[in-house]
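Notes for the one structure printed next.
The values are calculated or read from the model by the stated rules, or taken from the named source; none is laboratory data. All figures in this text were calculated on a predicted structure; none of them were measured in a lab. As a convention, Cβ positions derive from the backbone with ideal geometry for all residues, glycine included, and neighbour counts pool all protein chains shown.
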Amino acid sequence: MLANEIMTKDVIVVSEDTTIDEVSKIFVDKNISGLPVVNQYNKLVGVISEGDLVYKQKPVKPPLFINLFDGLIQIDRKEFQEDMKRIAAYKVGDLMSKPPIYAYENTPIAEIAELVINKKVNRIPIVNEIHEVVGIISRHDIIRSMVE
């Protein structure tokens, strides 16, 4: 069985410029937990999920080390700056997970299941040969295909 046989074809996508408030409303109104993010050319560039929105609520911890170990300071400072950027995010492009994990329409379901497990994601956008989103497969879709 291939991706195009079980994927949801009417996929809601958002752009990098969509606000976090708009995405939150879509999640609640449509009872979904993640969306593909496309650029101005309608190409897949990321995925925004409830997990990303929850991360935005994470408390920020300032760097713990000061001039003790130069290598360690750099790591802490970078993590702190990334946390600050994500928490201050207003647009999807600032908060989305990237690069996106995706599959093609002719990918076997077993490979998609393996991606879901190994990459610890809940959904896999399905793209055509020019990376336009044509579908999406969730964990639920994979389980449903096993029952059918």
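Being small (G, A, S) and either in contact with a His (Cβ under 6 Å, 6 or more places away or on another chain) or surrounded by fewer than 17 Cβ atoms within 10 Å (Cβ to Cβ) (or both) is the filter here, so list the residues in the stretch 98-144 that pass it.
Going through the stretch 98-144, the residues small (G, A, S) turn out to be 103, 110, 113, 135, 138.
Hit for the stretch 98-144 is A110, nothing else.
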Looking only at the stretch 92-125, count how many residues are among the basic types (K, R) and more than 13 Å from P36 (Cα to Cα).
2
Counting only residues that are part of a strand (DSSP E or B) and not aliphatic (A, V, I, L, M), which one in the stretch 126-141 is nearest to Q40 (Cα to Cα)?
E132
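How many of the residues in the stretch 97-125 are assigned to a strand (DSSP E or B), over 15 Å from S145 (Cβ atoms) and either hydrophobic (A, V, I, L, M, F, W, C) or more than 10 Å from the chain's Cα centre (by Cα) (or both)? Talk me through it step by step, then tell me what you get.
Filtering the stretch 97-125 down to residues assigned to a strand (DSSP E or B) leaves 97, 103-104, 108, 123-125.
Cutting the leftovers down to over 15 Å from S145 (Cβ atoms) gives us 97, 104, 125.
Remaining after also requiring either hydrophobic (A, V, I, L, M, F, W, C) or more than 10 Å from the chain's Cα centre (by Cα) (or both): 104.
Residues meeting the conditions: 1.
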Could you please give the count of residues in the stretch 1-38 that are closer than 13 Å to K91 by Cα, surrounded by fewer than 17 Cβ atoms within 10 Å (Cβ to Cβ) and among the polar types (S, T, N, Q)?
3
Which residues, taken from the stretch 35-53, are modelled with pLDDT of 95 or more and outside any loop (DSSP other than H, G, I, E, B)?
L35, P36, V37, V38, K43, L44, V45, G46, V47, I48
Cβ pairs under 7 Å, 6+ apart or interchain, first in the stretch 25-47 and in contact (Cβ under 8 Å) with a residue 12 or more places away in the chain, second of a type in the set (D, E) and not in a strand (DSSP E or B), ordered by first then second residue, are F27/E50; S33/E50; G34/E50; V37/E16; N39/E16; V45/E16
In the stretch 86-100, is there at least one residue being at pLDDT 95 or above and of a type in the set (D, E)?
no
